[in-house]
Amino acid sequence: MENVIIKSTAEKGRGLYATELIPAGTTIFEEQPLVSCQYSWNAAYGYLACEYCLRPLETAERNAQRLANDPNIMLPRAECCPVEANIGNHTKCERCGVLYCSSECLSLAQNRYHAAICLGAEMHSENHPVNILVEFWKKMHYPPETCGIMLFVKIVGMFRQAENLQALQTQLQDFVHKSVNEDLLIFHKMLGEKFISQIEELYRLFCSAFDLQSDERLQWLTPDGFKSLIALVGTNGQGIGTSSFGDWVKNVAACNMDDKERQPVDELIDELYSKMDDVVGSFLNNEGSALYATQSKINHSCAPNAETVFPNSNHVLALRATSDIQPGEEICISYLDECNAQRSRHTRQKILKEYYLFVCQCEKCENQINDPDETSEEEDNDDDMEESD
């Protein structure tokens, strides 16, 4: 990453800054996560993804059939589906049967965390403490999820298998930049007020699943340490979405076709997206979250000059410039989803203050500082619905 530098300022703390001109469209860097996982509800609904890297494990055609609830769907241009070409490389853990996209991902998972947390023959036992933990998490964190319990489970596995424990502790500590009181506010917001009464039970189940008290490597995971870990993941976790059908659509769009061939393909794509919308709505992807050491240091702007993308349809993150970035300029992304990013200054600031504990002073917010401090009627209705949930 020769074109960027991480530095701290009194106003915003740590941030990422350009050291040279970065033209729009440039991939600024790519980054592997410290750890990643698929969301529990996503897996429960049959979204097949590599346990290690989240690469899709079903073909675009099978993906479309399932999401549209139509087994008769047939896709042209099978060569445009990357899973089709890679399907012979899929493998699984011999003990528990968890699926991986390649022997390399299986080996990486085994060496980093999976050997310590593998459930073996009890993988599908409802009575296994880890599965009880996952089910409890699902009941207190309905979709759309923003955090995954398996991230915490994998972190436990990493601590148990780490050859250099101090290095792993330093990596996790590098994500922390908030106080204990701020941690409490964060996980309250993550799961709602009901989370307060459930944190003790969640921690008890976690202790039961991993016998924390008897493991010297995990003695830091006290009740307060557990809360801080949840807050760490909540503030730094980056959402991931991968899709074999989406990859097929992108690859088909890049194919050389005459108008006679392209028109029916485009019509088919539109028809399939309409069917999927009727069946699953916006839940089209293999979804999960991950922790990225460098990406987590990028600050927010309501008018960002960069975005995070996943060009390899796995958990490898790429930061891409969306406009020209000048030397010395801070590189910013949006913490808000596309819908909230288009809302009023008042609403954007309210969300950022509540969930990220800062008042946004980006150029867009400063330019709109004289806008009325009220939401639109539609936004008020949305807020009322959120408060009643």
What accessible area per residue, rounded to a whole number of Å², is obtained for region 51-175 using a probe radius of 1.4 Å?
-> 50 Å²
Cα to Cα, under 22 Å, and not fewer than 8 places away if on the same chain: which lysines meet these conditions relative to Lys260?
-> Lys250
Starting from the Cα of Glu135, move 7 Å in the Cα-to-Cβ direction to define the label point; list residues of region 81-121 whose amide nitrogen is under 18 Å from there.
-> 119-121
Give, in nm to one decimal, the length gained when the segment between Leu108 and Glu363 is fully stretched (0.36 nm per residue of separation minus the Cα-Cα distance).
-> 87.5 nm
Can you sort His124, His315 by 1.4 Å-probe accessible area, starting with the largest?
-> His124, His315
For Val134, what accessible area in Å² do you get when you roll a 1.4 Å probe over the heavy atoms of the protein chains, rounding to the nearest 10?
-> 20 Å²
With a sphere of radius 13 Å drawn around the Cβ of Glu163, what net charge do the other residues whose Cβ falls strictly inside it have (Lys, Arg +1; Asp, Glu -1)?
-> +3
Rounded to the nearest 10 Å², the 1.4 Å probe accessible area of Ile369 is 90 Å²
Residues Thr170 and Asp278, FRET efficiency given R0 of 56 Å [Cβ-Cβ distance, rounded to 0.05] | 0.70
Can you run phi through the Karplus equation (6.51, -1.76, 1.60; θ = phi - 60°) for region 246-260 and list ³J(HN,Hα) in whole Hz, with x for Gly and Pro?
-> x, 5, 4, 4, 4, 6, 5, 4, 8, 6, 7, 9, 7, 4, 5
Report ³J(HN,Hα) in whole Hz for each residue of region 5-14, in order, from the Karplus equation J = 6.51 cos²θ - 1.76 cosθ + 1.60 where θ = phi - 60°; Gly and Pro get x.
-> 9, 9, 8, 10, 10, 5, 7, 10, x, 5
Region 197-257 - percent of accessible surface contributed by carbon and sulfur, probe 1.4 Å | 44 percent
Computed FRET efficiency, Cβ-Cβ of Asp258 and Ala318, R0 41 Å: what is it to the nearest 0.05?
-> 0.80
Mean-position separation - Cα centroids, region 77-142 and region 298-355, in angstrom | 31 Å
Using θ = phi - 60° and the Karplus form 6.51 cos²θ - 1.76 cosθ + 1.60, what ³J(HN,Hα) does each residue of region 69-79 get, whole Hz, x for Gly and Pro?
-> 6, 9, x, 8, 5, 10, 9, x, 6, 4, 5
If you rank Arg62, Arg262 by how much accessible surface each has, with a 1.4 Å probe, what is the order from largest down?
-> Arg62, Arg262
Where does the charge balance sit around Ala306 when Lys and Arg score +1, Asp and Glu -1, over other residues with C-beta under 14 Å from its C-beta?
-> -4
Send over the Kirkwood Rh of region 10-63, from the inverse of the averaged 1/r over different Cα pairs, rounded to one decimal Å.
-> 15.2 Å
Accessible surface of Val153 - all protein chains present, 1.4 Å probe, nearest 10 Å² = 0 Å²
Run the accessible area of region 54-150 with a 1.4 Å probe and give the carbon-and-sulfur part as a rounded percent.
-> 51 percent
The chain, relative contact order [Cα under 8 Å, separation at least 6], % = 28 percent
Relative contact order for region 228-323, counting Cα pairs under 8 Å that sit 6 or more residues apart, in percent | 38 percent
Prolate/oblate/rounded label for region 38-91 (Cα gyration tensor, a/c 1.5) | oblate
Restraint check, Lys12/Lys138; Lys227/Lys275; Lys138/Lys297; Lys139/Lys350, Cα-Cα greater than 32 Å = Lys12/Lys138; Lys227/Lys275
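The values are calculated or read from the model by the stated rules, or taken from the named source; none is laboratory data. Being a predicted model, the structure only gives us computed values, none of them experimental. Cβ sites come from the backbone with ideal geometry, for glycine too, and all protein chains shown count toward neighbours. Quick note on the areas: whole protein, heavy atoms, side chains included, nothing else; ligands and nucleic acids left out. Shrake-Rupley method; radii C 1.70, N 1.55, O 1.52, S 1.80 Å.
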